[in-house]
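Let me begin by presenting the structure, written as structure tokens, before commenting on it.
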Amino acid sequence: MTEAEERIWQQARTDNKALAALLQQHYPFLYKYMLKITMDRNLAEDLVQDTMLQAIENISAYEGRSKFSTWLIAIGTRLYMDAMRRKVRERKHQEAERLQALRSMKFMSAAAGGSWPEAMEALAELDYDIRVPIMLKHYYGYTVDEIAEWMNIPAGTVKSRMHNGLKKLRKELSANGSEA
Amino acid sequence: MAVKRNKDSERAGQADAAEQEDLKLVEAWLQEGLADFDGQTDINVPSSAWFEELALEGRRSARRKLQRDLAIFWLTGGIILSVLMLVLSSNVIWFIALQGLALIGGTGFAAVHWLRGTGREVESRNG
């Protein structure tokens, strides 16, 4: 952490305006992360707000050992995993909901004049507990140990989920390659 | 026999290298696709006032939780102390037995917690 970042963080622990500015600065990063792992805009919005509230409530526990964005990602990941475990237990029309949420994300991309990348399509097909570690490791560059801690599962399980997920993605990539 | 073993390990090495190459391709494809998505996604960032209100609400909620936890702590502590004083005044042996149980229970809990933490660390090191 640089001196300037440390000063900002120290201020944020006691000063509301400084804390608000810090959260506002990291909002886009957190929101984009949540969109990618949830593939569900409504859920992403709820989780971003919950993550920020938890960060505010526990700001005195943040010791500055990791980047502030990493801390937010850790909180957000845990909240998402908890939410999904609750959803699995409830088992309420999951597949239909998932597809509806995905359609909404694709529409959002199209409405913004963009396209829906094939990689996002392939990631959307993976189970959430495989998608999350793959993104955290292979896009955000976090370690297996960090991911295991945030998902509250052993590191071995993280590695095996990533291995299975990457196998499926390899197949997708080959299939796309042969179509092209 | 040695020649066959060498050929087998050579094949395994080639398979590993091919898998590593594949992994790099998948990673590059993922990174390009996700970076594309991030680049084209426009986020409406709420105003500073919204974040200040959120920060205020968060701190209020934290204060309420702390007060609630402290109240539970003092209430539970008061009940336990009262029971202990009652037992001490009526039967010293029972009092010592209760203290012993609490010590064993606390040590056992700490040991299980520590072992679980060590187990996770070993698993993470061994992969």
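The values are calculated or read from the model by the stated rules, or taken from the named source; none is laboratory data. Bear in mind that the values here come from a model prediction, so they are computed numbers and not experimental data. Glycine also receives a Cβ, built like all others from the backbone with ideal geometry; neighbour counts cover every protein chain displayed. Areas reflect the complete protein model, heavy atoms only, side chains present, ligands, DNA and RNA absent. Shrake-Rupley method; radii C 1.70, N 1.55, O 1.52, S 1.80 Å.
Miscellaneous remarks
- Chains A and B together bury some 3900 Å² of accessible area, summed over both sides, with a 1.4 Å probe.
- In percent, rounded to a whole number, the relative contact order of chain A is 19, using alpha-carbon pairs under 8 Å and six or more apart.
- Whether the range A:1-82 is rounded, prolate or oblate, judged on the alpha carbon gyration tensor where a/c under 1.5 counts as rounded: prolate
- Degrees separating the helix A:155-179 axis from the principal Cα axis of chain A, which is the longest one: 50
- B:Phe37 accessible area, assembled protein chains, probe 1.4 Å, Å²: 0
- Using a probe of 1.4 Å, the accessible surface attributed to A:Lys87 totals some 60 Å² when neighbouring protein chains are kept in position.
- When chain B is treated as a GNM with alpha-carbon contacts under 10 Å, the residue of B:Leu81, B:Leu23, B:Leu70 showing the greatest mean-square fluctuation is B:Leu23.
- Principal-axis analysis of the Cα atoms of chain A puts helix A:94-111 at an angle of about 80° to the longest axis.
- Cα-based shape type of the range B:1-113, given that a ≥ b ≥ c are square roots of the gyration tensor eigenvalues and the cut on a/c is 1.5: oblate
- Kirkwood-type radius of the protein assembly as shown, with distances r between different C-alpha atoms, in Å: 23.3
- Stretchable slack from A:Phe29 to A:Leu99, in nm (0.36 nm times residue separation minus alpha-carbon distance): 22.7 nm
- In degrees, nearest ten, helix A:41-57 long axis to first principal axis of chain A (Cα): 20
- For A:Lys87 and A:Glu5, the FRET efficiency from 1/(1 + (r/R0)^6), where r spans their Cβ atoms and R0 equals 35 Å, is about 0.45.
- Relative frequency of Cα-Cα separations exceeding 19 Å in chain A, percent: 62
- Taking all protein chains together and rolling a 1.4 Å probe, B:Glu21 ends up with roughly 100 Å² accessible.
- Solvent exposure of chain B as accessible area per residue, Å², 1.4 Å probe: 78
- Förster-model FRET efficiency, 41 Å R0, B:Gln31 and B:Gln67, C-beta, rounded to 0.05: 0.30
- Shape category assigned to the range A:1-43 from the gyration tensor of Cα positions, a/c cut at 1.5: prolate
- Screening chain B for DSSP H helices whose Cα atoms reach 30 Å or more along their own axis and whose mean Kyte hydropathy is at least 1.0 gives nothing.
- Over chain A: helical MRE at 222 nm, DSSP H runs n ≥ 4 each giving -39500 (n - 2.57), nearest 500: -26500 deg cm²/dmol
- GNM top mover of A:Gly165, A:Gly114, A:Gly64 - chain A, alpha-carbon springs below 10 Å: A:Gly114
- Solvent exposure, largest accessible area first (probe 1.4 Å, DNA, RNA and ligands not counted), of B:Asp22, B:Asp38: B:Asp22, B:Asp38
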